[in-house]
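> Quick one: this structure, given as structure tokens, is what I'll be asking you about.
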Amino acid sequence: MINNPIPTGWADSGALLLKGLFASFCILHLYTAFFGQFDPLVQRPIFIGFGIGGAFLLHAARPSRTGQRSLSEITIDLLLAAMAFGVCLYVILNRERFFDIMVRYNTFDKAAALIALLLTIEAARRVIGWFLPALALFTLIYFYFGHDLMGGSWRPPRVSASTAIETFYSSTSGLFGYLADIGARVITIYVILGALLLSTGATDVFMKMATFIAGRSYGGPAKVCALSSAMFGTVTGSAVANVMATGSITIPTMKRLKYPASFAGAVEAVASSAGQLTPPVMGAGAFIMSEFLGIPYSDIAVAALGPAFLYYLAVWLGVDLYARKVNLQPTPREEMPKPMEFLALDKSLPLFLPIGAVIYFLYSGYTPSFGGAAAITVLLISQVVMRPLGVAFRADGNPQSILHTWGKLLRDVFGGLVEAGRALVMIAALLACAAIVVKVMTATGAGVKISNLLFSVSDQGMILALVLAALLSIILGMDVPTTASYVLAAAVAAPSLIRLGVPELPAHLFVFYYAILSAITPPVCASVYAAAALAGANFWHVAGRALSLAAAVYVIPFLFVFRPGILAQGEWSVIAQDLGVAMAAVFAVSVGMSGWLKGLLTLFERGLFLVAAALLFYVTQGSDMLGGGLLVVLIGWRIARGKGRAP
């Protein structure tokens, strides 16, 4: 193969066209959010076609390992992208015929369906790795050839080519089913909102606000990392994006102040992973959960407040105890921001007004897509109005300065739309690939069979069943984004928990929570990889520190399964009691794992703190009193002994 390099002018034009495609895709979905969706077999193929085709276009634009891609390599990627757009356009053009119950599929239909499935798997492999695409390919083989290849209870029913086409391609199931619907209707809007908030200055405001609040305490920069990640998580809902945005600032700061590189990376990875659990804009999986359960997204956001608070409490305690143990220094006074650096109206209003708009519209009964689109409108209007006012107050306010400000705003908005388009390529490709797996599980009954296996474990106790569901959620999350791992876990693990008596919402939040934790659980953990790269530290050192720091985080889902008040369910007295007991349990686990409270703890003392935590897990009034009493005695004992010194 001749490696003819592509001319520079062509590359620049191609990059500009690709950015224009991404921005146009986002604008199209903003239009449908306000004025209504197209027909299902129009809207969904547009979304999936963009994801699959966009994956190949991004691959064509990305440099190869040896440098610039050759013209032949780029041509192949462009042909694959054209085929991806073509097979989705084919569905749109033939949707009336496909809706006919007496439709007879021809050779072109069969070829288009096969090409669409293969391109989906390959596109997903290019953007999210091999695990989910390999699983999708295996399930397709099981679906179509399994009847002839195997026997026994796991033998699937025989299917024809026409049935396979209708299952995966020509109907509003399979590739263009409910996952594509949620992606096109809801997820797209909130990805755009998060990208626009970040491109127009939210990162700087979040970082300065977090530094002002936590910078001067023990381990200040590490707490700034945790707090800024929590703020960031309210608008992004992506662990790796959170790591890359805040970690690029917090990790170098911690290293400059002599914090261990592995600790800096671990704090960032653990803190960033909860962004998908933090309202009001949670991860894409939360919107899918809303569709699964048939309840408003706002109900899920309210229920997630308690677990998100406990998560960041565990991270904060882990950082604080470690910082006191090894005497980590706070942020220097000269580096502390002044309040007006983040409270100035031209900086704070364009950030907080859209977040407030999201909360208002979601809790006023509007659809999530309209609420997100309205928040984007509020963001753009506030930026157009407030930026020139900020210039007028800080400069001479001449028309030239205002025009320059609006020009920069246009560039920022365009950049945000482009970044949103890049993110949506991955989301659309993984949703299409996950849809293949989920459809096979439901069509063949394999999902029910796996659920039955987990249900049979209930004879050994609820705790063991929950542990297995947690492990399954983490394993399914290896090398795939949280959205895909939640979809898979919700199909196989959540039903077994529901059959065991766990209510639907706690069961789904349980598997969703552990799908999120897969991002920091070795051996395959995307957030830790990203943080380790930013910190320049060994991956295993960062992963080990992350597990130690997040020890209390792993027990929180067990708490809210047995204490529904944590999920804001029940009377206010129940909510207050359950949340208070959970906070005490998280504190006890954090102290026991860190080995520090007013000085170094002996192994026996650490064990007693963990025993107190275990008693607080057991849901009876007697165990609460015993565990709480033991914890109070232990804290009093440590205070009475006086402040110890770190070695």
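> Is there a residue being crowded, with 22+ Cβ neighbours inside 10 Å and out of contact with any Lys or Arg (no Cβ under 6 Å at 6 or more places or on another chain) anywhere in the stretch 142-155?
For the stretch 142-155, residues crowded, with 22+ Cβ neighbours inside 10 Å and out of contact with any Lys or Arg (no Cβ under 6 Å at 6 or more places or on another chain): present.
> Check the stretch 83-106 and report whether any residue there is under 14 Å from T444 (Cα atoms), in contact with a helix residue (DSSP H, G or I) (Cβ under 8 Å, 6 or more places away or on another chain) and either exposed (fewer than 15 other Cβ atoms within 10 Å of the Cβ) or of a type in the set (V, I, T) (or both).
Scanning the stretch 83-106, I find no residue that is under 14 Å from T444 (Cα atoms), in contact with a helix residue (DSSP H, G or I) (Cβ under 8 Å, 6 or more places away or on another chain) and either exposed (fewer than 15 other Cβ atoms within 10 Å of the Cβ) or of a type in the set (V, I, T) (or both), so the answer is no.
> To continue, here is another question. Only one residue in L132, L197, L193, L137 is open to solvent by 10 Å² or more (accessible area, probe 1.4 Å) and more than 19 Å from V448 (Cβ to Cβ). Which one?
L137
> A follow-up question, please. Would you mind telling me which numbered condition in (1) crowded, with 22+ Cβ neighbours inside 10 Å; (2) without any contact (Cβ under 8 Å) to a residue 12 or more places away in the chain L476 fails?
The number of the failed condition is (2).
> Looking only at the stretch 603-644, count how many residues are charged (D, E, K, R) and buried (at least 16 other Cβ atoms within 10 Å of the Cβ).
Matching residues across the stretch 603-644 total 4.
> When only residues in the stretch 10-40 that are aromatic (F, W, Y) and touching a residue at least 12 places away in the same chain (Cβ under 8 Å) count, which is farthest from F361 (Cα to Cα)?
F22
> Restricting attention to the stretch 56-85, which residues are at pLDDT below 75, outside any loop (DSSP other than H, G, I, E, B) and of a type in the set (V, I, T)?
Listed by number, the list is empty, since nothing qualifies.
> So how many residues does the stretch 261-286 have that are at pLDDT 85 or above and open to solvent by 10 Å² or more (accessible area, probe 1.4 Å)?
Of the residues in the stretch 261-286, 2 are at pLDDT 85 or above and open to solvent by 10 Å² or more (accessible area, probe 1.4 Å).
> Another question, then. Can you list residue pairs whose Cβ atoms sit under 7 Å apart, with the first residue in the stretch 122-133 being closer than 11 Å to A428 by Cα and the second being among the aromatic types (F, W, Y)? Count only pairs 6 or more apart in sequence or on different chains.
Final answer for the pair search is A123/F56.
> Of Q621, Q577, Q569, which residue is in contact (Cβ under 8 Å) with a residue 60 or more places away in the chain, of a type in the set (S, T, N, Q) and over 30 Å from Y259 (Cα atoms)?
Q569
> Given the residues T167, T211, T163, T172, which is the only one that is part of a helix (DSSP H, G or I) and either touching a Leu at 6+ places or on another chain (Cβ under 9 Å) or not β-branched (V, I, T) (or both)?
T211
> For I359, state whether it is of a type in the set (A, V, I, L, M), at pLDDT 85 or above, within 17 Å of Q383 (Cβ to Cβ) and in a helix (DSSP H, G or I).
Criteria not met by I359.
> Hey, another quick one. Count, please, the residues in the stretch 241-260 that happen to be within 15 Å of V326 (Cα to Cα) and open to solvent by less than 50 Å² (accessible area, probe 1.4 Å).
Matching residues across the stretch 241-260 total 4.
> Scan the stretch 529-564 for residues that are assigned to a helix (DSSP H, G or I), among the small types (G, A, S) and surrounded by 22 or more Cβ atoms within 10 Å (Cβ to Cβ) and jot them down.
Within the stretch 529-564, A530, A531, A532, A535, A543, A546, A552 qualify.
> While we're here: Being modelled with pLDDT under 85, among the aromatic types (F, W, Y) and open to solvent by 10 Å² or more (accessible area, probe 1.4 Å), is that true of even one residue in the stretch 169-188?
Checked the stretch 169-188: no residue is modelled with pLDDT under 85, among the aromatic types (F, W, Y) and open to solvent by 10 Å² or more (accessible area, probe 1.4 Å).
> Here's a follow-up. State yes or no: is L328 in a helix (DSSP H, G or I), touching a residue at least 24 places away in the same chain (Cβ under 8 Å) and at negative phi?
In short, no.
> Which ones in the stretch 92-112 are closer than 18 Å to I46 by Cβ, part of a helix (DSSP H, G or I) and not aromatic (F, W, Y)?
I92, L93, R95, E96, A112, listed by residue number.
> Kindly evaluate A195 against the criterion of being among the small types (G, A, S), within 18 Å of the chain's Cα centre (by Cα) and part of a helix (DSSP H, G or I).
Against the criterion (among the small types (G, A, S), within 18 Å of the chain's Cα centre (by Cα) and part of a helix (DSSP H, G or I)), A195 qualifies.
> Tell me which of these F342 doesn't satisfy, since it passes every other one: (1) hydrophobic (A, V, I, L, M, F, W, C); (2) more than 24 Å from L431 (Cα to Cα); (3) out of contact with any Asp or Glu (no Cβ under 9 Å at 6 or more places or on another chain).
If we test F342 against (1) hydrophobic (A, V, I, L, M, F, W, C); (2) more than 24 Å from L431 (Cα to Cα); (3) out of contact with any Asp or Glu (no Cβ under 9 Å at 6 or more places or on another chain), just (3) comes out false.
The values are calculated or read from the model by the stated rules, or taken from the named source; none is laboratory data. Predicted model, so just to flag it, every value in this text is computed and none were measured. Positions of Cβ are generated from backbone atoms using ideal geometry, with glycine treated the same way; all protein chains shown enter the neighbour counts. For accessibility, only protein heavy atoms count, side chains too; no ligands or nucleic acids. Shrake-Rupley method; radii C 1.70, N 1.55, O 1.52, S 1.80 Å.
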